Amino acid sequence: MAIVCERPKLKWWEHLYLPALAKGMRVTLGHFFKIVSGKKKVTMQYPEEKWDDHMPEHYRGAPALVTDEQDRERCVACQLCEFICPPRAITIHPEEIPSDDKWAKVEKRPQSFDIDMIRCIYCGLCEEVCPEQAIFLRKDYAITGTSRAEMVHDKSKLYEIGGKRVGLVNKWNELK
């Protein structure tokens, strides 16, 4: 059974486009006069002024890997971030942990973990899907390089810029 939605009946002046046009011009001119009078600032002089002071709370920056308090890598090479990445910017090659290692119960770790920052769209899906909280988006917007190869961040670079995170990590939980 189809649901039929009735359109509302418009008044005679609502059929004209001039009132809507006048409303839009009023908003546009209001913004224009705020900018001209100096009450509102539009352009940021980038090298001298930076966002660091008033970075929006919801800003999603570039992804980085983090370690725990004891400098152990949190990543278990589950590859969920690689599979969910829309532009396929993440590449992970897992390796097994030797059986004589103390943390052999984890089974694997990343042998290589690369993120191509040119392809990354900073969507945050990798951070959301990570079960071990190993990847975080940092508040960094000035990511530069002189070549394409320089923009591919490997595991060591990602850990260097990611730093440490404190908190429970399922990977190192003895009860699991």
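Scan the stretch 39-55 and tell me whether some residue there is more than 30 Å from TYR122 (Cβ to Cβ) and over 18 Å from the mean Cα position of the chain (by Cα).
Pass one, the stretch 39-55, residues more than 30 Å from TYR122 (Cβ to Cβ): 39.
Still in the list and also over 18 Å from the mean Cα position of the chain (by Cα): 39.
Looking through the stretch 39-55, at least one residue is more than 30 Å from TYR122 (Cβ to Cβ) and over 18 Å from the mean Cα position of the chain (by Cα).
Listed residues LYS50, LYS39; which is among the charged types (D, E, K, R), on the phi < 0 side of the Ramachandran plot and surrounded by 10 or more Cβ atoms within 10 Å (Cβ to Cβ)? Walk me through how you get there before you give the answer.
Details: LYS39 fails: surrounded by 10 or more Cβ atoms within 10 Å (Cβ to Cβ).
Going through LYS50, LYS39 in turn, just one is among the charged types (D, E, K, R), on the phi < 0 side of the Ramachandran plot and surrounded by 10 or more Cβ atoms within 10 Å (Cβ to Cβ): LYS50.
Restrict the check to the stretch 99-111 and report whether at least one residue is surrounded by 13 or more Cβ atoms within 10 Å (Cβ to Cβ) and at pLDDT 90 or above.
yes
Inspect the stretch 130-140 for any residue being in contact with a Phe, Trp or Tyr (Cβ under 6 Å, 6 or more places away or on another chain), part of a loop (DSSP other than H, G, I, E, B) and at pLDDT 90 or above and give the result as yes or no.
no
Does the stretch 18-34 include one or more residues that are surrounded by 10 or more Cβ atoms within 10 Å (Cβ to Cβ) and either in a loop (DSSP other than H, G, I, E, B) or at positive phi (or both)?
No, the stretch 18-34 has no match at all.
For the stretch 97-118, indicate whether the set of residues that are part of a loop (DSSP other than H, G, I, E, B), within 30 Å of GLU57 (Cβ to Cβ) and within 20 Å of the chain's Cα centre (by Cα) is non-empty.
Start the filter on the stretch 97-118 by keeping residues that are part of a loop (DSSP other than H, G, I, E, B), which leaves 97-103, 107, 117-118.
Add one more test, that the residue is within 30 Å of GLU57 (Cβ to Cβ), and what stays is 117-118.
Subsequent filtering for residues that are within 20 Å of the chain's Cα centre (by Cα) retains 117-118.
Yes: one or more hits.
ILE97 - would you say it is touching a helix residue (DSSP H, G or I) at 6+ places or on another chain (Cβ under 6 Å), closer than 17 Å to ALA134 by Cα and free of Cβ contacts under 8 Å to residues at least 24 places away in the same chain? Don't jump to the end; show me each part of the working.
Details: touching a helix residue (DSSP H, G or I) at 6+ places or on another chain (Cβ under 6 Å): yes; closer than 17 Å to ALA134 by Cα: no; free of Cβ contacts under 8 Å to residues at least 24 places away in the same chain: yes.
Spelling it out, it is not the case that ILE97 is touching a helix residue (DSSP H, G or I) at 6+ places or on another chain (Cβ under 6 Å), closer than 17 Å to ALA134 by Cα and free of Cβ contacts under 8 Å to residues at least 24 places away in the same chain.
Quick check: is even one residue across the stretch 153-170 modelled with pLDDT of 85 or more, of a type in the set (Ser, Thr, Tyr) and farther than 26 Å from PRO56 by Cα?
Looking through the stretch 153-170, at least one residue is modelled with pLDDT of 85 or more, of a type in the set (Ser, Thr, Tyr) and farther than 26 Å from PRO56 by Cα.
Based on this model, can you work out whether CYS78 counts as over 26 Å from GLY163 (Cα atoms) and either at pLDDT 80 or above or under 29 Å from the mean Cα position of the chain (by Cα) (or both)?
Working: over 26 Å from GLY163 (Cα atoms): no; either at pLDDT 80 or above or under 29 Å from the mean Cα position of the chain (by Cα) (or both): yes.
Spelling it out, it is not the case that CYS78 is over 26 Å from GLY163 (Cα atoms) and either at pLDDT 80 or above or under 29 Å from the mean Cα position of the chain (by Cα) (or both).
Can you tell which of ASP114, ASP101 is touching a Ser or Thr at 6+ places or on another chain (Cβ under 9 Å) and charged (D, E, K, R)? Show your work before the answer.
Details: ASP101 fails: touching a Ser or Thr at 6+ places or on another chain (Cβ under 9 Å).
Result: ASP114 is the single residue among ASP114, ASP101 that is touching a Ser or Thr at 6+ places or on another chain (Cβ under 9 Å) and charged (D, E, K, R).
The values are calculated or read from the model by the stated rules, or taken from the named source; none is laboratory data. Since the model is a prediction, treat every value here as computed from it, not as a measurement. When we count neighbours, we look across all protein chains shown, and the Cβ atoms used for this are built from the backbone with ideal geometry, even at glycine.
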